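Just below is one structure, and these are the notes that go with it.
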Amino acid sequence: MTELTHLDADGRARMIDVGHKAETSRVAVASARFVTTAEVLALVRADNLPKADVLATARIAGISAAKKTSELIPLCHQVPLSSVTVGFRLGENTIDIEASAKTRGQTGVEMEALTAVTIAGLTLHDMVKAVDPGATLTDVRLDSKSGGKRGHWTRDDTAEAPDVPETGSTEASGRTARVIVASTQGAAGRREDTTGPVIAAWLGGLGYDTAPPRVVADADIGAALAAAVQGQPAVIITTGGTGVSRTDATPEATAAVLDRELPGIAEALRRRGAETTPSAALSRGLAGTAGRTVVINLPGSAGGVRDGLAVLGDLLDHLVDQVSGSGLHEAPAHETSAHGASLPAAGRG
């Protein structure tokens, strides 16, 4: 992208026509940092500021702001948000804010996530200004986004993926997810893990409570998967060990824990990867269910993970709903009949 899309040929501001774009699941994650004093943080923890319920008020403000983004920023589209989460991490003299926004539509929700963290931060300022008028809101930024033509994007310096906010979030799914990285070099500390954190951040953006990725040697992937399945998370995503090397053992370890395979997902992942990398056809990755846990193998490369998350963005929530028994047996909005005609989604309100 080398041009400003909000300017027409004459250099005048315009609203982009997105009518031709495909509807996809879109998620954006943004963050900001509120800097104050250690004394203020102690008061926040004790809920002892003149204006009480500091974090709860800021969370509600951020969610409300995300819903009104198109009213605040002139050229933004009105987006039907399906989820907004706002969470906080308390430091010694900082409050880190993270917000995610999710929709299924023809344009992204980056501005909604950014608006949420900004207004949540400004609300924090309003709540503490009587004690610390010098507090500052800094580092407002987009951390990741997925969906649409360009697939998944993650800021380079967030490769160490943010942890799940310790104070929780509003409207979150309450589901858990686990990420396992099969890398003998990574487990030995000789190679940095750059794929696991990306997957964990993406899952967090969807509202899943995701622990830091677990990095294990290829030979230990079976034990790691079995242990993860015992915890009965909603989702387990592995990365690495899906090729044809003698040490690649992830597909065999996955087959050992699955009750049912979902070959359509594995094939979709291979097709997406092969569009840009022919060797993606060599992946032996599997997808399936172990009880009520969805297990999916992704390749170990950054590009393979990016392509895989782009595929999963359109179907993971629907799949998890079906496996958990909480969803209706309805067709996703984009599903088509054998004749190519669009099928309406059943049971939608």
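Quick one: would you say Val117 is open to solvent by less than 50 Å² (accessible area, probe 1.4 Å), of a type in the set (A, V, I, L, M, F, W, C) and at pLDDT below 90? Walk me through how you get there before you give the answer.
Working: open to solvent by less than 50 Å² (accessible area, probe 1.4 Å): yes; of a type in the set (A, V, I, L, M, F, W, C): yes; at pLDDT below 90: no.
No, not satisfied.
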Looking across segment 83-109 at residues that are assigned to a loop (DSSP other than H, G, I, E, B) and closer than 19 Å to Ala56 by Cα, the single one that is least open to solvent (accessible area, probe 1.4 Å) is Gly91
Only one of Leu4, Leu49, Leu41 is open to solvent by 80 Å² or more (accessible area, probe 1.4 Å) and either at pLDDT 90 or above or part of a loop (DSSP other than H, G, I, E, B) (or both), namely Leu4
Could you list, in sequence order, all residues of segment 210-221 that are out of contact with any Pro (no Cβ under 7 Å at 6 or more places or on another chain) and open to solvent by 30 Å² or more (accessible area, probe 1.4 Å)? Ala211, Pro212, Arg214, Val215, Ala219, Asp220
Scan of segment 37-72 for residues that are in contact with a helix residue (DSSP H, G or I) (Cβ under 6 Å, 6 or more places away or on another chain) and under 15 Å from Val109 (Cβ atoms), ordered by number: Gly62, Ala65, Ala66, Thr69
If we keep only residues of segment 256-275 that are open to solvent by 80 Å² or more (accessible area, probe 1.4 Å) and under 23 Å from the mean Cα position of the chain (by Cα), then the residue nearest to Gly304 (Cα to Cα) is Arg271
How about segment 67-82: which of its residues are in a helix (DSSP H, G or I) and β-branched (Val, Ile, Thr)? Thr69
Verdict on Glu112 being part of a helix (DSSP H, G or I) and within 24 Å of Trp202 (Cβ to Cβ): yes
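I'd like to check something: does segment 158-174 contain any residue that is closer than 29 Å to Ala56 by Cβ and at pLDDT 85 or above? Spell out how you get there, then give the answer.
Within segment 158-174, the subset closer than 29 Å to Ala56 by Cβ is 158, 160-174.
Next cut, at pLDDT 85 or above only: none.
So far as segment 158-174 goes, no, none of its residues is closer than 29 Å to Ala56 by Cβ and at pLDDT 85 or above.
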Considering residues that are out of contact with any Pro (no Cβ under 9 Å at 6 or more places or on another chain), crowded, with 24+ Cβ neighbours inside 10 Å and closer than 24 Å to Ala255 by Cβ, the number found within segment 184-209 is 1
Give segment 277-299 a look and list any residue that's more than 14 Å from Gly241 (Cα to Cα), in contact (Cβ under 8 Å) with a residue 12 or more places away in the chain and open to solvent by 40 Å² or more (accessible area, probe 1.4 Å), or say none. Thr277, Gly291, Arg292
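When you check Arg59 against the structure, is it within 20 Å of Arg141 (Cα to Cα), assigned to a strand (DSSP E or B) and at pLDDT 90 or above, yes or no?
On the way: within 20 Å of Arg141 (Cα to Cα): yes; assigned to a strand (DSSP E or B): no; at pLDDT 90 or above: yes.
No.
The values are calculated or read from the model by the stated rules, or taken from the named source; none is laboratory data. All of these numbers come straight from a predicted model, not from anything done at the bench. Positions of Cβ are generated from backbone atoms using ideal geometry, with glycine treated the same way; all protein chains shown enter the neighbour counts. Keep in mind that these areas ignore ligands, DNA and RNA; they rest on the heavy atoms of the full protein, side chains included. Shrake-Rupley method; radii C 1.70, N 1.55, O 1.52, S 1.80 Å.
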